[in-house]
1. How many of the residues in the range 129-150 are basic (Lys, Arg) and surrounded by 19 or more Cβ atoms within 10 Å (Cβ to Cβ)?
2. Looking only at the range 103-123, which residues are outside any helix (DSSP H, G or I) and either within 21 Å of the chain's Cα centre (by Cα) or of a type in the set (Val, Ile, Thr) (or both)?
3. Looking at (1) more than 23 Å from the chain's Cα centre (by Cα); (2) modelled with pLDDT of 95 or more; (3) under 30 Å from residue 34 (Cα atoms); (4) not hydroxyl-bearing (Ser, Thr, Tyr), find the lone condition where residue 383 falls short.
4. Collect the residues in the range 271-302 that are closer than 24 Å to residue 150 by Cα, outside any helix (DSSP H, G or I) and modelled with pLDDT under 90, keeping them in residue-number order.
5. Within the range 127-134, is there a residue that is touching a strand residue (DSSP E or B) at 6+ places or on another chain (Cβ under 6 Å) and small (Gly, Ala, Ser)?
6. Can you tell me how many residues within the range 181-196 are of a type in the set (A, V, I, L, M, F, W, C) and surrounded by fewer than 19 Cβ atoms within 10 Å (Cβ to Cβ)?
7. What about residue 347, is it surrounded by fewer than 21 Cβ atoms within 10 Å (Cβ to Cβ) and either touching a residue at least 12 places away in the same chain (Cβ under 8 Å) or at positive phi (or both)?
Amino acid sequence: MKDFVNNNSGSEVSKVVFIITTSQFTGAKTAGARRILNIARSLAFNNVVVYIFSYVDFVNLSEELWEMHPRIYVYGKGLEGSPSNKKGLRYFLRVSLNFMSMSKADSVVYLYPTTYILRDFLYLFYFKFLKGYRFYCEINELRSSIAFSSALPAGIYHKIIYILKSAKDAAVYYVNEWQVPLYDGVTVISTALERYFLPRARKLTRIPILCNEDEIEPVDSQQFFDGNVFRICFAGYVKIDKEGFEILLKSLSQINQNYRVELYIYGLMEDADGSRLKDLTVYYGLTGRIIYLGNIDPDQLLNEFNKYHLLILPRTLNKRTRYGLSTKLSEYLVSGTPVLVTDVSDNALIIKDNYNGFIIPPGSPEVMTRKLTEIIESYNSTVHNVVENAHLTVREQLDYRRFSQQYIDFFFSNNV
């Protein structure tokens with residue numbers, strides 16, 4: 001096994017971060033995978049060597065450590081591996097530890113959590129308490145807010161099943177939150193999460209959504225509305241209630257009385273949400289104007305954004321959106337297409353209305369209708385400046401390089 005840890009372009013490595021996660025990383029079409037990559041880039045920018053160990057990649061891909069970017073190594077080459085009974089969690093932990101043990105550098109383990117809470121706890125127990133590594137964790141949502149967040153299903157039997165399952169999930173999530181003091185420190189993505197976990201965390205820092213300013217392309221003549229079809233795009237995990245789709249569709253039904261507006265949707269969507277979206281589309285008279293295009297690679301998605309006049313995040317205000325922060329917002333701001341968001345979580349810390357985007361209070365179809373009408377009617381005179389200011393925001397506030405030293409100080413300094 002080649003000593004990647006101590007052989008990095010012939011120079012001695014002084015700091016190493018091992019990012020560990022259950023979720024897929026290589027080839028994943030998810031915001032989580034993109035977030036992990038930007039964290040790794042941020043660390044590598046200041047010469048920290050990063051290793052990304054994904055359990056899903058470990059099980060499904062060939063057993064090979066490869067350099068994805070300078071100083072960023074990924075275990076599990078993008079080639080399907082041969083099935084092996086040994087490829088279980090115990091084997092994953094042992095192989096990961098073998099790589100970690102080769103390092104003579106100052107090393108920490110950083111968990112990118114998933115809904116596989118038991119596995120996340122096993123990572124903590126194994127690497128911190130059995131093997132003595134400093135162990136940190138990212139927290140990017142309040143898990144306990146997920147339980148009971150969906151609408152009650154129809155029928156007494158389904159209601160009972162929903163309540164029992166949600167109660168079980170809530171209990172597990174609350175127990176998981178009390179795991180926080182066991183970490184050497186946690187990073188959070190929003191100010192609400194910062195306030196919530198600060199009393200119980202041993203060490204805490206807030207790092208918002210990250211993006212890569214190198215992906216910015218100059219504003220060009222594509223940003224023009226010819227008066228025919230105004231095209232709006234949503235990208236992300238399609239959850240009808242969480243993302244405020246009913247309010248959005250009600251607003252679009254009103255706007256379509258004066259303008260032809262179409263909504264294009266990208267992302268994962270479960271069958272129940274897909275069925276509900278179809279029902280709402282028919283109910284609000286928007287057949288043919290709501291187009292679902294599936295889940296595509298994030299790199300392709302950035303090119304897709306150029307087809308649209310507006311990108312939208314119409315979230316309603318609830319416990320889940322109060323604590324979370326959409327990781328899609330950073331990609332929206334990079335894209336060169338203006339964005340409309342609702343004032344939930346930290347959106348107002350990033351978006352200033354009519355300056356680098358558009359922002360409205362959540363929960364009102366009438367407010368959304370007025371704002372969308374305003375955007376359409378003034379589009380060609382305002383869009384250029386809005387996009388240029390969005391790019392300025394990316395460069396000054398959200399580019400991954402700006403958080404490199406903050407990560408390093410947090411992981412490797414005892415004074416933070």
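The values are calculated or read from the model by the stated rules, or taken from the named source; none is laboratory data. It should be emphasised that the depicted structure is a prediction, and the values quoted were computed from it without experimental measurement. Glycine also receives a Cβ, built like all others from the backbone with ideal geometry; neighbour counts cover every protein chain displayed.
1. 1
2. 108, 109, 110, 111, 112, 113, 114, 115, 116 - these are the residues of the range 103-123 that are outside any helix (DSSP H, G or I) and either within 21 Å of the chain's Cα centre (by Cα) or of a type in the set (Val, Ile, Thr) (or both).
3. (2)
4. Listed by number, the list holds a single entry, 295.
5. Within the range 127-134 (the criterion being touching a strand residue (DSSP E or B) at 6+ places or on another chain (Cβ under 6 Å) and small (Gly, Ala, Ser)), the answer is no, since none of the residues qualifies.
6. Residues flagged as of a type in the set (A, V, I, L, M, F, W, C) and surrounded by fewer than 19 Cβ atoms within 10 Å (Cβ to Cβ) within the range 181-196 amount to 1.
7. When the stated conditions are applied, residue 347 does not pass them.
The rows are residues; the columns are (1) buried (at least 17 other Cβ atoms within 10 Å of the Cβ); (2) of a type in the set (D, E, K, R).
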| site | (1), (2) |
| --- | --- |
| 231 | yes, yes |
| 238 | yes, no |
| 242 | yes, yes |
| 250 | yes, yes |
| 257 | no, no |
| 261 | yes, no |
| 264 | yes, no |
